Amino acid sequence: MPDVFSAIAYAFVAGATIPLGGLAARIEDFRPHWLETEFRHSVIAFGGGALLAAVALVLIPEGMKLTSPTLALPAFTLGGVCFFVVDYLIARAGGAASQLLAMLLDFVPESLALGAMLATGKATGLLLAGLIALQNLPEGFNAYRELRSGTRLPAGRILAAFCTIVLLGPLAAWVGFSFLHSLEDLLGSIMFFAAGGILYLNFQDIAPQAHLERHWAPPLGAVAGFLLGLWGHMLLQ
C-alpha cells in the first residue's frame with residue numbers, strides 16, 4: 001500500500017505536467033499557421049477526452065461505491081453549478097484566466113480524491129494520477145496561451161505561477177490521504193462534485209474550442225485522450 005509520501009509524489013508528478021504544457025505552448029508558435037491551429041484544437045480536444053475518462057472510469061464509479069444517491073446527486077449538481085458561476089464571473093471580468101481557473105477547479109478536488117484512494121490501497125488511485133497528468137498537460141498548454149494573449153504577463157511569470165500551482169496537488173493529496181480516506185460520504189461527494197464540474201467544463205469550454213470546420217484531428221484527439229484512460233483502466237482489471 002502506498003504511504004503518504006508516495007501519494008504526495010504521485011500528485012506532484014501529475015501536477016508537473018502543468019508547466020510542461022506551458023513550455024510546449026511557448027515553442028508551438030514556430031509551427032506553420034495551419035498546423036498551429038489544428039494542433040492547438042487537437043490539444044484542447046485531447047484534454048477533454050482525458051477529463052471524460054477521469055469522470056467515466058474513476059470519479060463516478062468510485063464515488064458510487066462510497067456514498068448514497070441522496071448525497072451524490074446534490075454534489076454532482078453543485079459541482080456543475082459552481083463551475084458555471086466561476087465561468088460566468090471570469091467571463092464578466094474579461095475571461096483571460098478561464099482556463100487557469102478551470103484547471104484549478106478540477107486539479108484540487110481530483111488530488112484530494114487521489115490521496116484518499118491511495119490511502120485505501122485502491123489501484124484506481126494510480127489510474128487517477130495518470131489521468132490528472134494527461135489532462136493537466138493540455139490545460140497548462142491552453143492556460144498559458146490564453147494568459148499570453150489576454151494579458152501582458154511575461155512568459156517567465158506565467159510559468160512561475162504554474163510551478164506554484166503544482167504544489168497544490170501534493171497538499172491536497174496529503175489532506176486526502178491523512179483525513180478523507182475514512183470519511184466515505186465526504187470523499188464520494190467530492191468525487192461527484194468534481195465530476196459535475198468537469199462535465200460542465202467539457203461542454204461549455206472545451207468542446208466548443210476544439211471544433212474546427214472541415215478538420216478531423218481534434219475529435220480524434222478527444223478519442224485518443226479517452227483511449228489512454230480506458231487502456232489504463234483495463235490494465236487494472
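General observations
- Every residue from segment 133-175 that is assigned to a helix (DSSP H, G or I), of a type in the set (S, T, N, Q) and open to solvent by 40 Å² or more (accessible area, probe 1.4 Å): Ser149, Thr164
- Just one of the numbered conditions (1) buried (at least 21 other Cβ atoms within 10 Å of the Cβ); (2) out of contact with any Gly (no Cβ under 9 Å at 6 or more places or on another chain) is not true of Ala113: (2).
- Against the list (1) part of a helix (DSSP H, G or I); (2) within 18 Å of Ser189 (Cβ to Cβ); (3) in contact (Cβ under 8 Å) with a residue 40 or more places away in the chain, the condition Gly130 fails is (2).
- Scan of segment 141-166 for residues that are within 15 Å of the chain's Cα centre (by Cα) and either modelled with pLDDT of 90 or more or basic (Lys, Arg) (or both), ordered by number: Phe162, Ile165, Val166
- Within the option set Ala75, Ala53, Ala45, Ala25, being at pLDDT 90 or above and in a helix (DSSP H, G or I) holds for one residue only, Ala75.
- Verdict on Leu228 being open to solvent by 40 Å² or more (accessible area, probe 1.4 Å) and either more than 14 Å from the chain's Cα centre (by Cα) or at pLDDT 80 or above (or both): yes
The values are calculated or read from the model by the stated rules, or taken from the named source; none is laboratory data. All values reported here derive from a predicted model rather than from experimental measurement. Cβ: placed from backbone, ideal geometry, glycine included. Neighbour counts: every protein chain shown. Accessible surface is based on the protein model in full, side chains and every heavy atom, while ligands, DNA and RNA are left aside. Shrake-Rupley method; radii C 1.70, N 1.55, O 1.52, S 1.80 Å.
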